[in-house]
Structures are given as structure tokens and as C-alpha cells.
């Protein structure tokens, strides 16, 4: 590369400029070439269009000339035409019509060839006949139609483009002359569509459009034709004829692409300029990514004026290709030049780098501290740097050309080793790397230890030598040796420091920590990195006096060692004590360079010291403040060594007066040689003693002595407690205890009395019930019988009735009192069992129906359908409450009636409540009385007036209702209007419906009207007149016909004529007994049909009775005593349709002998026996029944005995049997 | 500048919307002449109505009268240019056909006449014509069978005694007679006169008949549109301010218009009477 070119290359700007110039030039060339080719192509295209256009026009000209020659110039035609143009009126019209008729078919044929117009003109230029518009004629064309004017003035054929009044097109006009006379002219017009179609046949790839010069069209066309023209989008100076191709003979409308091109070219100044000059041109245009070649061909009319343009649009690839070629060539050229430029720039850069590198290497080589020399393969030095010469003591010339081994490496240091044996040389000469220490010979003869590194030099894979770098390490070796020794020492010190149990901190003179050992890290929590660089004051806790630190620094600054304790803080905030010894570290000149602190954690020691002080303080405090006298006595001398203030106070002398005295001077003077501890060998002595005070007075104390060791000497620790107060309290307590014992004894006595009284009360209540009821039964029974005694007068009968009623009232009152006693005692128990509620309502109806009928009252019983049939509730109490309420309603109602309505308030079984409203139309209750209505023994004024009731019925009913979880309230009541009571109680429906209820039993006050009219005949056989009377009355009351006899014989006599349905037959009869009578009756006619109810006496075994009854032919039996109702009930049971020869259980207490019964009772579980006794005492016979059921499972005989006694009201025997006496408590009757 | 751009955008949008909302009316002109002539005649009128009513009118061209009437009945056409007989026939079965305006003749009259024409070379004598070829426009053309049969009856002959054929348009009738394909023909007198310079002779002419009308489809056109068409059409002043505009219009419609009603066509109904117009020619 020449110097000139290098200079050029050195200048990048110049290179870029040159390349830019070359690129521009090349681009210009390519552009010119592209445009040249394009212009040539456009010109060719334009030429083709011109040729095509001319060919099309000529084609039509030839055809029309043939028509002119063959048709127009024929004599027949010429004569007809001449007749027309010269004639007038009808003749002219006729000639014209005939000419029209003559050529019409030809014209139609010509139209199919796109010849639109066939037009004849007169010689004066006026229109003669338009075949294409027959109705238009006579208009003057001379001024507007150059072709017509020329044909008729110059009398020569004219053809070319021309605008017209109707349509524009290509005209071919020929003059018509006949017989030397110019007659006019004929014009054949070809539509633009015709020319377009002709051109399209020649070049179908183009799209054609004819633009008409607005200036030559608009002034001449018929006004009605103007709508057919629209302004060209290409150039507004031009218009298009039927651009939308409305008319069938119009060329097709321009495509959207052509229209888009027109819009583009409208903005093209070149195109617009060429059109304004009337020049033709071809341009390229792009539409929707496609390239089109647009050619504009100017069309001159017959007058040589610019009549319009023929515009063609042809898809073109060539122009696009030219354009593409240009850009490709340009891109290639630019790329190539860019690459060249890049290469040149790269070359220049690399060349510069090489030069720089060479220069740098030389500089490096010269300034390198390492000695470097280069050897050829034979080991001859061919290059050496100054450092090598300096190290070896040679000048370069002394080394160059010398064999390196011989000059430098063969010496006594390595026993003048031969080159061939030298591992350094042999390795290097084989092209291998060599690193190591060698000994080189200095020029002065000294042996130098050098560190060498030798690398082979290859050129084209051939070893051409080696380069060896070395440096003198003789001094370093010496230093290293000394250093190793020093390091060993330092290492030992370091280990000592690192493993030191004390914290070691080294700081500089500014106090900045430079080193801490692991113990420091462990003690403070600061890591090495955290501590280094910090000041030791990061450990300061802030609790130390500042003067300590000031004194420390003063000491250290004076170059002295400082020792002391520091209260520091760890990283985690914990405080600790350490003992620090800080010493200055001096350099060889004696200057302080560092401080080293050796610190020992003394926290534990300090803590122990503190604890010790605390302990001592506690001990001292205990001694001083303990409310117990403490005395320490030397065991050997028995002298008091120490006393606390309490002890001094007890001794009545200050400590100083007490200490040093013998202990016996104050305590146990009598036991001077019999000390329990020292002399008697006890370990501990704790006993009440007497302390002798300094004033010789004595006080009782509790002294406890322990043997202790203090500082190796045996001591006695005596605790003295003043027990004067305790002694006093003990005396008082003793007296109180004596009083308490007396009180307890008294209380037990009273309790026994109370128990006895309670039992007596229970027995009294039972006895009262029984004792009152028993005579009452007689009173009621006899008074009832007396009422039926016809011997009594009316007044007497009334008196007897009063007796009977009073007896009833008294009985009810007793029952009520007993019930209230149970209620008040909290002994009301609810026995939830399955019951048929609907049946209960039916029972209520049955009970009160007759009573209501008697008083002309109506009784409505309404039960909601949601009320279940079977429910779980206390049947007895519900029944009792309802009877009480309805009974009251009937009692206090004189007219109207009673309504009993039942409803449930909820469908959820868990919370269902049955609500019963009892509404009457009775006398009502005054408001003042309503408040006390439910209180015991409170009666309404009407109740008092009626003298009925006990005043307990409603209070008992409400108590029962509440016991069931429900309530009984008076909802409403008005005087004279009646009352409404609401009885509600919760219940559960019994889905299983396992209701077991006995047959309905009519009670004395609950009549059974349905069964009164039975019409049965009963024969009563009873010798006892009272019993006979009772039986008769009871049975007659039930509506049965009754006949009584006193003996069995009479019975046999009466049986036949009377023909009874049933015979009530007593056993113990005068004459033949009942069994015999029964047997005889059975033998009588119809004797088998009658039922026989046998009445037996007590004291007979039940099984024996049953056997005897069965043997005699009796149907069933009943034992005495009995209630009259039982007999009626038996009769119904025996004769009723649902009872077939059944047996009604009767109480039979005689089944078991008394002794046996007592024994059996004693075998009952105590719990059961107590419960039975309590039930009888409280009159809770329902509980009694339940408990009896348990007895059945143990001993059925005993159960029967107990039940029998209960059913006979023999509560005294029952209680006696159960270790108690009581009578059955009947349920109270309704009362208001 | 920004406001100007915004205004232009708004204007453009409103124009686009107005174009989008413009109603399109389908117009069927009676094919009395060739299609080009017919379109040329009516194009200026439809352009005038497009601008006046802000509607777009498209042509539904049919070559037969019956085709137009059928389209009208089925409401495929909103507006039609009909002669009196086509209207009467249409109205008989389509009450939604309502005459809006009737076009005046060149004479200013609102009536026109039909003529029976011939070419002298045909030697056609209407008084004794039998077996001659007679060109008729269309069955439903007033100047067709209805007029020609009446005129020949008046002249003492009968159309049925001759060979008649429906050949379409009025000018076709004129040209076919000129050409010699038919001996005579019936067409609108105004059109016949245009061919008189070619020797076409009028043999007879009917009494005045109600002029051609613009008939609206009340089933598809809202009342306000029909009323507006009426208003716009009768507002034209052929001898006044609209003279220039109307000069572009076709010969048959450029002389103004008057309001039309169904009662105007009573003479046609009377003329039609019980006449049954054959749908096809007899040869």
C-alpha cells in the first residue's frame, strides 16, 4: 500500500465521501437508465394505442364507404332522396317516409355493428332525417357540425370525431349529389362504444374511456340530453358521456380501479399539464397495489380541434419490473459499496491496531521489569530486552548471538551441566512450556536465583524458537526465608490469641477496632466484620461513670497499661461485666501504634457477689424483722451469741445485755444440764416453755431448737414464739366446744321430736281421712237409703237429703284438704301416660249430658281435627280438671249452655300445647272476685250462695295444670253473661296409640244415662237388710228392675216367676248358702241363662273363692266390703255386649297372712319400701300403684295384699305393714 | 384549525347519515317508447323529485304494461307513470293505487287523444277494412285495443274483422306502420304527430281522455311523501320559473301537472264499459 493510499485510508471522512459520491453516481446512472427504459416503454405503449385507435376508425370508414357506394349512390335512392329534399307537403313527407322505409332494415343491421346514427342532411345543412331519432328533424347543423358544413360546402367526404346534438361519436359524412346537383349529405355516426369495442378486440387488456372536451360539447347538445353527461374525475375540463352506462349502447362504466387512478392523476401536474396542452402521454399509476399503465390519446375532431381524449388503463407488470430492477440494482450497488467501505475501514483499523500493538510491545518489552530474551531453536539468543541485560549485568551485544545455556546457565551452581542434559533447554528446545526456578550466572560471576517462564514460538506449526522471561528472586528468597520464620512465630501468637479464653481487642491509636478474637465475638455477639472498624464504645452500656473512661484514656495516652472493670452491653442488649487490661503496642521505635485489650467476663462473679450480699441482707432482715424471737447460742459455751429484736423484746433487755449470757439465764433454768439437744441428744426440740425475762417475770413461749453449723462451729438456733394469746384462745375454744356439744344434743333431740311430729301428722292425716271417711261412708250410705224410705215424711226426707249432701260436702272437703296438703308439700307428681283424648271428651259428654238436659242446657263439645286422638299426658289430672271446670259451668248456669272447645296451637310435636276453652252462659264472676278465684278456700258469691263446693277445686286444678307444665286461667267473665276458662297443657302425640283404659265407670256424681235404660232384671239375694237395701238402691238407680230376697230358698222360688237376667247372690245366707243356691239355680229352667254374681266375705283365699264360684256355676264374684258402684259396674261388665263372663278384679287383702306379709315386706328393698310408705302417707295412690307394679315383679302375693288394703281404704293396716298408717286420698271433686 | 376539521367531519357524517337514511322509491315508467327515450324523458323528473323529496329513485323498467301493473299490485313499485286505461285496470284490483298528478299536454290541456294512423302506401281504408294488419300498443294501453276498436267501430268497421297484434310501444307502432309491417296502428296522437313528417297519416282521433298520470302506491308510500310529490309537481311553472328545468324533461311530461283524482277517470271507465280487451292479438 502506497503512502498516498494510506493517507486516504487514514481519513475515514474521505472514504465515506468517496463512497457516497460513487453511490450517488451509480444511483443516478441506474435512475436514468430506469427512466429511459420506462419512457421508451411508455412511448411504445402510446404508439400501440395510437395504432389501435387509427385502425379502429379506419375499419369503420371502410365499411361505411362500402355502404355509401352500394346503397346511397344508387339511382333509386338518389331519386327518392331528391324527391324528398326538393318536394313539399305530403309528397315530401311521403318520399321521406319511403326513404325511411327503404333504409330502416339496413339501419337496424348497422346498429348491431355499433353504428348509432344514420342521418341525412339537406344541402343547406339542416337535418332531413335521423334514423336514430326520426321525430327530430329540420334543425340547422351547419354551424355546430363542421363535418356537415364541410360535406355540404366543400362537397367532400369528411370523417373524424365530432360532438353532436344528441350524442358524440365518430362521424363519416359524405356529400350526396345526383345528376350533378348537390342534394345534401349522409352521415353515419359510430358510437364511442363501437370504437372502444373495436380497440378492445385488438387489445383486450385495456380499459377504455372517452373524455369529451366540455367546451365543444355542452353548448350544442339538446337540453334533454345534458343529464347524460358527467364531469370527468381525471380532468374537470372534460366530461364523460353516460359514464354510468345507463343507455344500452354506451361503453361499460369505468372500473373502480380506473376511477381511483383518475383521482390520482387529477393531482398529477404532468398529466394535467399535458392535457391542457392537448398532448398525449403514457404514465404509470398504482391502484390497490397494482400497477397500471394509463395512456392519454388526444382526439381531434374534423376541425382539428381537441375534442377529447381516449384514455386507456392497462394492468402493467413491465413498469413495475423496471422499478423493481432499479431498486434492486440500487440496493445491490449500495450494499456492495457499503461492504467495500466497511472492509476498507476494517483494514485500516486492523493496520492501525497492528502498528499500535508493535509499538506497545516494544515499550512493554523495554519497560518490563522482567528480563526477556528470545532464542532460536539452537538456543542462540536472538533478542534480549534491557531488563535482562540489567539483571544479568551484560550489554545487549554481549548476549546477542550467544548460546543462552552456555552464557547463563552453565556454572558451578549447577555443576556446569551440559546443554544436552539441561532439562530447561531440552524442554524448551522440544517446544514445550517450561516454568521454574533456575540459577543464572551474572556477569560478575554471582549466581542469581531467577524464576523463569519459557514459551515456544511457532510459525506455521513449526518451532522457530522460544521466548524466556525471568526475574531475579534472589532477594525475595532470602526475605521469604526470614519471613517464614517470622510467620511461624506470628502463627503461634495468633493461635494463642484466637484460642484465648479472654476477649482480645486490638485497636489503632484512634480507638478503631482492627481485630477481635473469637472469644470477643462469643461474648459480645458482634461478628468480626461488625466489630472491625468500630470504636470499642459500641459496647458501652451507659451505666458506667464517664470518669472511668476518661481515666482509662488518660492512662493509655500516657503509654501506660490500664486495668479495670467495665459494665458493657452485648449486641443483644444483655449487660455484662468484664475485667479489662489494656496495653499500648509499640513499634520498634517505641511509638504506640495500637492498643490491645484483654478482657475477662466477670459477670458471673459479680452476680455471685451480689447474690451473696442479697442473701446476707435477707438473713439480716429475717433476723431483725421475723415476728419470732431468734437466738443463736454457741453449743460449746452455751452462751448467747446473737438475738434478734423480737427476742430482745421477749427477754426484756437490749441485745447487748443479752449477748454473752448463758442461755439458761433466760430459758429452761431448770434444765441447765438436761438440754434436750446438747445433753439429751435430740435433733430438734419443739415444746412449750417458760421464758424468764430480764425483770424475772415469765411468759409462755413455744421454743423450737435446731442444731446448726456456722463457720465450722456448732450452734443452737432457738426460735421463741410468744404463745400467750394462743393459750388464752385455747381456753375460750374449750368452753365453746362444750356449749356446742350441748347444742347438738339439743338439736338432735328436737329433730327427733320433729320427725316424730311429722310422722304423727302423717298418721293423723291418714287416720283423719280414714276415721272421718269411714263413718261418713255409713252416714252417706244410710242417708242415701233413707232418702228412698217411703216411710219418711217430706220434711224428714229433706233433712235426710241435707245430711247426705252435707256428708258429701264434708267428704269432698276432706279430699280437697288432703290434695292441697300434697300440693303445698310439693308432692304432686305427673304420670304421663298414653290416653285417648277423644274418648275423654266423649266421657265428659256422657257425664254431663244428663245433668244439662235436666237443666235444659245445651252442651257443645268441639274438638279441632288437629287434636290427636292419642296423647301422652297425665290422664287422671286432665280428666279431673275438665270435670271440675265443666261441673262448675253446669252448676252455675241456669240457661243457655256450656261449650267445651279443644284446639292445638302448634303442629310441631316438641312444643304442642292442647288448649281447652270452657265457656258457659252462667252467672259470671265479679271482677273483685276474679283476683282470688284460684286461691284456696276462696269461693265466689254465687258459690257461697249455692252452698256447694269447698273452694278448693279451682286452686287444685290450677296447681295440677301448672304441675303439668300448663296453666288454668280465667279468660273472660262478666256478671250475667258467663265465663270463659282456658285450660292448656303441653302434650306429645302417641303415634302408637297404645291406650289402655278401663271401661267407663259411672261415678256417683257422674251419671251414666245410657246404661240406665238397660231394662235388666236383677234378683238380689242378701240376708243383711242394710246390704240388701244398698244393693237394691244401687242397682235400681242404674235402671234395672230389682227384686230382693233374704234367703236361698226364696231365691229359688222367685227365680222362676221373675226370670231374672242376673242374680246377685250372697254366700253367707241362712239355710242353703250361696254356692248351693247357685248350683240349684243352674238346674232350674233357664237357670243357665242367668248370670250369677256372687258376693263373698273377707278372709277367704281368692283362689279358693274362684274355685268355689266356678264349681257352683257362678259367673263372677265380688268381695265385701264394696262400693255400691262396684256392683253396678260388675253387672255391666257381666251383661254388657263386650264383656263375656269376665271377672273383675277385686281387692283381696286376705290372700296373704299378716305375718307372712310383714316378712315379705321386710325383704323388699328399703328404697321401694320407703317410697311405698311415703306414697301412702301423702295419699299419692297413683305413685303407689306404680310402685306396686314393682312389687309384683318381686312378690305378686304381697303386691295383691298391698293393693287390697289400699282399695279397701285400710291405710292404717297398709301403713302398719309398711311401718306407717294412712288412708287412701281420693281425688278432690270439682268445686268453685 | 381543529374546529374546522371537526366541522368538516360532522358535515361529512351528517351527509352520510342523510344519504343512508334517504328513502328509495321504485319508479316504473310506462314503456310507450324505446327504453332510452323513456329513460331520457323521465330522468330529469326523477332527479327533480330526488332533490325535492330527499329520496333516491330507482327505475324498475318493464316492457309490458301488464308487468308494471302486476308489480304495482304486489307493491314492488312505489310510483308509476300510467295512462288512463292502465290506471283504471290497476285501480279495479288495487285500491292502493292513487293518482297523484296528471301531466299536461303541450297544448296545456290535461287530456290527450289517441289516433288511428296509416302510411299512404298501405292503402288502408278504415271504412271497409277487413283482414288488414293493425298494430296495437299493449292490451292495457288506452290507445291500444280500447281506442282503436272504438275508432274503427265509429268508422263503420270492426277491429275484430282485421288482424291486430300488440307490438308494444307507441313509437314502435308508428315505425312499424312506416316500415310497412302493418297497415295501420293505434297510438297516442301526440306521438303520431311526431311521425307525420315521414308521411304517417292520422285516420281518426278519439275524444279527449284524461292525461297520463303519476300514480302512487299508498301501501308503501307514507301520506306525507305522496302529498309532497303532489306539491312539488303542481308547483312547477312550465312557462315561468321552471321553464328551463322542464325543457330537459321528456315531451310527455314537460308541460306541467295538475292534481289528479280517481274521479278524473270516469270517461275511461265509461268508454271501457263492458268491453273485454283481449290479452293477445288475433294473428
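The values are calculated or read from the model by the stated rules, or taken from the named source; none is laboratory data. None of the values given here were measured: they were computed from a predicted structure. Don't worry about glycine lacking a Cβ; one is built from the backbone with ideal geometry, like all the others, and counts go over all protein chains shown.
Residue-wise test of (1) farther than 30 Å from residue A:505 by Cβ; (2) at pLDDT below 90.
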site: A:595; (1), (2): no, no
site: A:603; (1), (2): no, yes
site: A:609; (1), (2): no, yes
site: A:616; (1), (2): yes, yes
site: A:625; (1), (2): yes, yes
site: A:635; (1), (2): yes, yes
site: A:641; (1), (2): yes, yes
site: A:652; (1), (2): yes, yes
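Give the residues of the range A:92-126 that are touching a strand residue (DSSP E or B) at 6+ places or on another chain (Cβ under 8 Å), within 11 Å of chain B (Cβ to nearest Cβ) and either over 20 Å from residue A:198 (Cβ atoms) or without any contact (Cβ under 8 Å) to a residue 12 or more places away in the chain (or both), sorted by residue number.
A:96, A:99, A:100, A:103 - these are the residues of the range A:92-126 that are touching a strand residue (DSSP E or B) at 6+ places or on another chain (Cβ under 8 Å), within 11 Å of chain B (Cβ to nearest Cβ) and either over 20 Å from residue A:198 (Cβ atoms) or without any contact (Cβ under 8 Å) to a residue 12 or more places away in the chain (or both).
Would you mention how many residues in the range B:30-44 are out of contact with any helix residue (DSSP H, G or I) (no Cβ under 8 Å at 6 or more places or on another chain), within 8 Å of another protein chain (Cβ to nearest Cβ) and within 19 Å of residue B:256 (Cα to Cα)?
Total meeting the criteria: 1.
Taking the conditions exactly as written (within 28 Å of residue B:120 (Cα to Cα), at pLDDT below 90 and surrounded by fewer than 21 Cβ atoms within 10 Å (Cβ to Cβ)), does residue A:112 satisfy them or not?
Considered against the rule, which asks whether it is within 28 Å of residue B:120 (Cα to Cα), at pLDDT below 90 and surrounded by fewer than 21 Cβ atoms within 10 Å (Cβ to Cβ), residue A:112 comes out as no.
Any idea which of (1) part of a helix (DSSP H, G or I); (2) touching a strand residue (DSSP E or B) at 6+ places or on another chain (Cβ under 9 Å) is the one residue A:821 doesn't satisfy?
In the conditions (1) part of a helix (DSSP H, G or I); (2) touching a strand residue (DSSP E or B) at 6+ places or on another chain (Cβ under 9 Å), residue A:821 misses (2) alone.
What helices (runs of 4 or more DSSP H) completely inside the range B:137-247 contain at least 2 residues that are within 14 Å of chain A (Cβ to nearest Cβ) and under 24 Å from residue B:89 (Cβ atoms)?
B:170-179, B:189-194
Hey, which of the strands (runs of 3 or more DSSP E) in the range A:561-677, taking only ones fully inside, have at least 3 residues that are in contact with a strand residue (DSSP E or B) (Cβ under 9 Å, 6 or more places away or on another chain) and farther than 21 Å from residue A:521 by Cα?
Per the criteria, A:575-586, A:629-634, A:640-643.
For the range B:47-64, how many residues are within 27 Å of residue B:139 (Cα to Cα), in contact with a strand residue (DSSP E or B) (Cβ under 8 Å, 6 or more places away or on another chain) and either in a helix (DSSP H, G or I) or more than 10 Å from every other protein chain (Cβ to nearest Cβ) (or both)?
So the answer is 4.
Regarding the range A:171-185, can at least one residue be identified that is buried (at least 18 other Cβ atoms within 10 Å of the Cβ) and within 14 Å of chain B (Cβ to nearest Cβ)?
Looking for residues that are buried (at least 18 other Cβ atoms within 10 Å of the Cβ) and within 14 Å of chain B (Cβ to nearest Cβ), one finds none in the range A:171-185, hence no.
If we scan the range A:1077-1087, do we find a residue that is closer than 27 Å to residue A:1204 by Cβ and outside any loop (DSSP other than H, G, I, E, B)?
Yes.
Looking at the range A:528-548, which of its residues are surrounded by 12 or more Cβ atoms within 10 Å (Cβ to Cβ), under 23 Å from residue A:604 (Cα atoms) and free of Cβ contacts under 8 Å to residues at least 60 places away in the same chain?
A:538, A:539, A:540, A:541, A:544, A:548
If a residue has to be under 25 Å from the mean Cα position of the chain (by Cα) and under 28 Å from residue A:100 (Cα atoms) to count, how many in the range B:145-174 make the cut?
Of the residues in that region, 17 qualify.
Looking at A:413, A:401, A:431, A:341, can you tell me which residue is in a loop (DSSP other than H, G, I, E, B) and surrounded by 13 or more Cβ atoms within 10 Å (Cβ to Cβ)?
A:431
Exactly one of (1) free of Cβ contacts under 8 Å to residues at least 40 places away in the same chain; (2) more than 9 Å from every other protein chain (Cβ to nearest Cβ); (3) crowded, with 17+ Cβ neighbours inside 10 Å is unmet by residue A:89. Its number?
Every listed condition holds for residue A:89 apart from (3).
Condition first: within 23 Å of residue A:920 (Cβ to Cβ) and not in a helix (DSSP H, G or I). Now tell me which residues in the range A:828-858 satisfy that.
A:855, A:856, A:857, A:858
Specify the residue that is surrounded by the most Cβ atoms within 10 Å (Cβ to Cβ); the eligible residues are those in the range B:108-123 that are part of a loop (DSSP other than H, G, I, E, B), touching a helix residue (DSSP H, G or I) at 6+ places or on another chain (Cβ under 9 Å) and away from every other protein chain (no Cβ under 14 Å).
B:110
Residues in the range A:176-195 that are farther than 24 Å from residue A:241 by Cα and not in a strand (DSSP E or B): how many?
Total satisfying the criteria: 2.
From the set of residues in the range B:248-263 that are at pLDDT below 90 and more than 17 Å from residue B:52 (Cα to Cα), which is farthest from the other protein chains (Cβ to nearest Cβ)?
Among those that are at pLDDT below 90 and more than 17 Å from residue B:52 (Cα to Cα), it is B:252.
Within the group B:225, B:215, which residue is within 26 Å of residue B:27 (Cβ to Cβ), over 19 Å from the mean Cα position of the chain (by Cα) and crowded, with 18+ Cβ neighbours inside 10 Å?
B:225
Would you mind finding the one in A:300, A:263, A:350, A:277 that is under 30 Å from residue A:14 (Cα atoms), out of contact with any helix residue (DSSP H, G or I) (no Cβ under 8 Å at 6 or more places or on another chain) and surrounded by fewer than 17 Cβ atoms within 10 Å (Cβ to Cβ)?
The match here is A:350.
Just a yes or no: is a residue in the range A:873-887 in contact (Cβ under 8 Å) with a residue 60 or more places away in the chain, closer than 17 Å to residue A:967 by Cα and assigned to a strand (DSSP E or B)?
Checked against the condition, which is being in contact (Cβ under 8 Å) with a residue 60 or more places away in the chain, closer than 17 Å to residue A:967 by Cα and assigned to a strand (DSSP E or B), the range A:873-887 yields at least one hit.
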